[in-house]
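For reference, the structure discussed in these notes is given below.
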Amino acid sequence: MTENIPDHALQPFFRDAMASCAAGVHVITTDGGAGRYGITMTAVTPVTDAPPTVMICINSRSAIIPILQANEHLCINVLSAAQQDVAEHFAGITKLSPEERFEYHIWHRGQTGQLEVEGALAHLHGKITAQHDIGTHHVFYVLIDEIKVHDTNEPALVYFRRHFNQLP
């Protein structure tokens, strides 16, 4: 039983348990009046398909939060296994600046002007409709208004046990 164990004592166990859950890898991009920014994420979850809505959870200390709040629009780029370098750049693993991360890849724009990386398995464009804080994270609800699914046989990029892998 863990009912009397303080939260901080549970954190390493929780993180290890969540690392055992394979998750798709996404790069969230936003561009607008507050600037351009992107971040690698696995905490991307569909909420409902009517209307199409996705939930993304980001650490509250992340620099992207005020930019997303101001820009309101974003693109969820669903990465293929061939795009591990994209994931590493936007996760900060390669130590590139936030602007330099965009220079190493080919980008296109969706109908609302949001950036989509070439070669992704899918692009979901949307607008933030609600948000709140819980614990260490900020949760955004995104109403999807443009979807591009690319007909490809590329395997998906997944994150499992703190390493990138591919899923056919």
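So here's what we get for this one:
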read-out	value
Å² of accessible area per residue within the chain, as computed with a 1.4 Å probe and no ligands counted	56 Å²
Region 10-108: chymotrypsin sites (Phe, Trp or Tyr not before Pro) in DSSP coil with no more than 15 other Cβ atoms inside 10 Å	Y104
Rounded tilt (10° steps) of 7-19 against the dominant C-alpha axis of the chain	50 degrees
Region 86-141: C-alpha gyration tensor shape, a/c 1.5 cut-off, then a/b vs b/c	oblate
Fraction of accessible area attributable to carbon and sulfur, the chain (%, probe 1.4 Å)	55 percent
Fluctuation leader among I28, I106, I144 - the chain, Gaussian network, Cα springs under 10 angstrom	I106
Alpha-carbon radius of gyration plus Dmax, which is the widest Cα pair, for the chain in Å	16.1, 51
Model label zone, E118; criterion: amide N under 20 Å from point 7 Å along Cα-to-beta-carbon; scope region 78-92	78-90
Local electrostatic count, R36, Cβ distance below 10 Å [Lys/Arg +1, Asp/Glu -1]	-1
Nitroxide proxy distance, nm - points 7 Å out along Cα→Cβ at D85 and R109	2.5 nm
Given charges at Cβ of Lys, Arg, Asp, Glu: the chain dipole, positive-most of H132, H26, Q11	Q11
In region 76-168, trypsin sites (Lys or Arg not before Pro) in a DSSP loop with at most 11 other beta-carbon atoms within 10 Å	K95, R161, R162
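The values are calculated or read from the model by the stated rules, or taken from the named source; none is laboratory data. Keep in mind that what you see is a predicted model, and the values were worked out from it rather than measured. Neighbour counts run over all protein chains shown; Cβ positions are idealised from the backbone, glycine included. Side chains included, ligands, DNA and RNA excluded: accessible areas come from the protein's heavy atoms. Shrake-Rupley method; radii C 1.70, N 1.55, O 1.52, S 1.80 Å.
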